[in-house]
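**Student:** Have a look at this one before I ask anything.
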Amino acid sequence: GVDPFEDAKSMALNPFVNDHTARLAELVACPDSDGPILTTGGILRVAARYTGQPVDVINRGSDGRIAVSRLVGGSVLRTSNREACKAQAALLELANNQCNVKRPSCELCPLEPNCDFAANRQFAQATLQLE
């Protein structure tokens with residue numbers, strides 16, 4: 001059978017993933033449920049950039065959770081309810097590797113075709129450099 005913790009284990013071995021994020025990956029690797037909706041700073045950053053809304057800084061607990069839930073629960077990252085845990089792990093992975101704070105790798109991100117940040121990359125990159 002398939003090991004539901006396989007993605008979490010590989011994430012824990014990634015030198016660019018801190019221990020806290022690796023533990024979160026294990027938390028969402030629950031095979032029997034949709035799992036929790038994680039709203040770490042990185043996941044909120046992905047949701048904010050994808051939607052073009054400042055859900056990572058304004059109304060994180062409400063609008064931020066809704067934006068993340070839409071990414072996880074909608075058709076963006078999964079095709080069925082059973083894939084919610086994988087979608088959460090994917091968001092953790094994107095936040096840590098592709099959609100990082102200063103140097104996002106939009107061209108490597110599977111969300112790029114519909115991402116507001118990627119569509120406005122020149123303006124977004126200039127904004128990142130000003131901060």
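**Student:** Any residue in the range 37-50 that is open to solvent by 10 Å² or more (accessible area, probe 1.4 Å) sitting within a Cβ distance under 7 Å of a residue that is β-branched (Val, Ile, Thr) and assigned to a helix (DSSP H, G or I)? List the pairs, counting only those 6 or more apart or interchain.
**Tutor:** Cβ pairs passing all conditions: ILE37/VAL68; ILE37/VAL72; LEU38/VAL28; THR39/VAL68.
**Student:** Which of the residues that make up the range 87-102 are surrounded by fewer than 18 Cβ atoms within 10 Å (Cβ to Cβ) and modelled with pLDDT under 85?
**Tutor:** Of everything in the range 87-102, just one residue is surrounded by fewer than 18 Cβ atoms within 10 Å (Cβ to Cβ) and modelled with pLDDT under 85, namely LYS102.
**Student:** May I pose another question? Inspect all residues belonging to the range 35-53 and state whether any of them is in a loop (DSSP other than H, G, I, E, B), among the small types (Gly, Ala, Ser), at pLDDT below 85 and touching a Cys at 6+ places or on another chain (Cβ under 8 Å).
**Tutor:** Yes, there is a match, as at least one residue in the range 35-53 is in a loop (DSSP other than H, G, I, E, B), among the small types (Gly, Ala, Ser), at pLDDT below 85 and touching a Cys at 6+ places or on another chain (Cβ under 8 Å).
The values are calculated or read from the model by the stated rules, or taken from the named source; none is laboratory data. Being a predicted model, the structure only gives us computed values, none of them experimental. We place every Cβ from the backbone using ideal geometry, glycine too, and count neighbours over all the protein chains shown. Accessible surface is based on the protein model in full, side chains and every heavy atom, while ligands, DNA and RNA are left aside. Shrake-Rupley method; radii C 1.70, N 1.55, O 1.52, S 1.80 Å.
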